[in-house]
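Structure first, commentary second.
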Amino acid sequence: MTLSSPLLLTVGLFVTAALAWAAVVSARRRAAALAAAGIAVRGGRSAYLGVGLTIAGVAVLAVATAGPAAMVPVPRTAGTVILAIDVSNSMGADDVAPNRLAAAQRAARAFVAAQPDSVDIGVVAFERGALTTARPDRDHSLALKAIDRLKLTGGTSLGTAITAALSVIGGKEVAVGRDGETPDLGYWPSATIVMFSDGQNQGGDVERAAEAAQKAGVHVHTVGVGTTAGTTVKVDGYHLQTSLEEEPLTVIAQTTGGAYHPASDTARLDGIADTIDLRLTVSDEPLPLAGALIGLALALLAAGAAVTVLRSGRVI
């Protein structure tokens, strides 16, 4: 149990002790006076029941004023989610209306809106490089603004997307070298990466980056944006063929314990928020006890008053 005002408890218990001492002294003086007058005292200890109940009520009230709270385990959906969104030029293809990037943005916004405020959400935009456009925060409006600012540029590096997201989660830069060694990130089981991409990887070691995420306990859910039939997209005056490549996205998801979610049309993208499973964590939260204690104190005080009134009408 915790107390918000320990000083009030100290003062309250001091007052209670003073009342108890005064009651004992008064009872002894009364008993001595009656004995000196030759009057027999009846009732024994039961005669002091009313006073005892009243003092107990004051003691309980003293505890209540100190703001007691019990720590109880509360299950809740929590953790950190990094939305990694592909902004490469191929995401400008219109095989998903109005284009892949706009559809991914809409799905990402729907995902953010579906999350409770206990989840910290950040945004990483990636192409050949990656940029953290919103750090994880429970203020989800920051993530929504970052999503709206995304613009098309460059190629695609899925490995860079994963390492950039891991850097945000772990709070330090992650880089997968040629030997595959990565910094020790610790273990982050409540962190999740949700990657929106057409899967057209053009650089970076995807498998080693996925293994780094798996080692850190971070699940990566991948969302394939586009169609396998594909279409053409105009880049720097050239018309290039582009299509959804599901294999690298599937490998990433399987390696990290996440899932691949194909989304070849707008309707399936809009519902992607319902298919992502976040971790259920248990955290200790304070449960205020003051109300219950005040109720108990009032009951004791009322009982003490009733007993005192009833006994005051009897002959001792």
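The values are calculated or read from the model by the stated rules, or taken from the named source; none is laboratory data. These numbers were taken from a predicted model, which means no experiment stands behind them. Neighbour counts run over all protein chains shown; Cβ positions are idealised from the backbone, glycine included.
Give all pairs with beta carbons closer than 9 Å in which a residue from the range 229-258 that is in the same structural domain as Thr153 (by TED's automatic domain parsing) and part of a strand (DSSP E or B) meets a residue that is modelled with pLDDT under 90 and of a type in the set (Lys, Arg); count only pairs at least 6 apart in sequence or on separate chains.
Qualifying pairs under 9 Å: Leu240/Lys234.
Is it the case, given these coordinates, that Lys145 is assigned to a helix (DSSP H, G or I), surrounded by fewer than 19 Cβ atoms within 10 Å (Cβ to Cβ), assigned by TED's automatic domain parsing to the domain that holds Arg208 and under 27 Å from the mean Cα position of the chain (by Cα)?
Spelling it out, Lys145 is indeed assigned to a helix (DSSP H, G or I), surrounded by fewer than 19 Cβ atoms within 10 Å (Cβ to Cβ), assigned by TED's automatic domain parsing to the domain that holds Arg208 and under 27 Å from the mean Cα position of the chain (by Cα).
If you scan the range 56-97, which residues turn out to be farther than 30 Å from Pro288 by Cα and not in a loop (DSSP other than H, G, I, E, B)?
Answer for the range 56-97, where residues must be farther than 30 Å from Pro288 by Cα and not in a loop (DSSP other than H, G, I, E, B): Val81, Ile82, Leu83, Ala84, Ile85, Asp86, Asn89, Ser90, Met91, Gly92.
For residues that are touching a helix residue (DSSP H, G or I) at 6+ places or on another chain (Cβ under 7 Å) and either assigned to a loop (DSSP other than H, G, I, E, B) or hydroxyl-bearing (Ser, Thr, Tyr) (or both), tally how many sit in the range 98-114.
The qualifying residues number 2.
Matching residues to (1) at pLDDT 90 or above; (2) surrounded by fewer than 24 Cβ atoms within 10 Å (Cβ to Cβ); (3) in contact with a Gly (Cβ under 8 Å, 6 or more places away or on another chain); (4) more than 17 Å from Ala209 (Cβ to Cβ):
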{"residue": "Ile82", "(1), (2), (3), (4)": "yes, no, yes, no"}
{"residue": "Asp86", "(1), (2), (3), (4)": "yes, no, no, no"}
{"residue": "Val119", "(1), (2), (3), (4)": "no, yes, yes, yes"}
{"residue": "Pro136", "(1), (2), (3), (4)": "yes, yes, yes, yes"}
{"residue": "Ala175", "(1), (2), (3), (4)": "no, yes, no, no"}
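Identify, from the list Ala210, Ala134, Ala165, Ala216, the residue that is in contact (Cβ under 8 Å) with a residue 24 or more places away in the chain and touching a Leu at 6+ places or on another chain (Cβ under 7 Å).
Ala216
Looking at this structure, is Lys151 part of a helix (DSSP H, G or I), loosely packed, with under 14 Cβ neighbours inside 10 Å and in the same structural domain as Ala104 (by TED's automatic domain parsing)?
no
Quick test of your reading of the structure: Ala306 fulfils all but one of (1) modelled with pLDDT under 90; (2) loosely packed, with under 14 Cβ neighbours inside 10 Å; (3) within 23 Å of Val72 (Cα to Cα). Name the failing condition by number.
Here Ala306 clears every test but (3).
What's the number of the condition Val60 fails, among (1) closer than 30 Å to Gly224 by Cβ; (2) of a type in the set (Val, Ile, Thr); (3) not assigned by TED's automatic domain parsing to the domain that holds Thr163?
Among (1) closer than 30 Å to Gly224 by Cβ; (2) of a type in the set (Val, Ile, Thr); (3) not assigned by TED's automatic domain parsing to the domain that holds Thr163, Val60 violates only (1).
For the subset of the range 245-269 comprising residues that are β-branched (Val, Ile, Thr) and crowded, with 21+ Cβ neighbours inside 10 Å, which member is modelled with the lowest pLDDT?
Thr256
Filter the range 115-129 down to the residues that are within 14 Å of the chain's Cα centre (by Cα), in contact (Cβ under 8 Å) with a residue 40 or more places away in the chain and outside any strand (DSSP E or B) and list them by number.
Gln115, Pro116, Ser118
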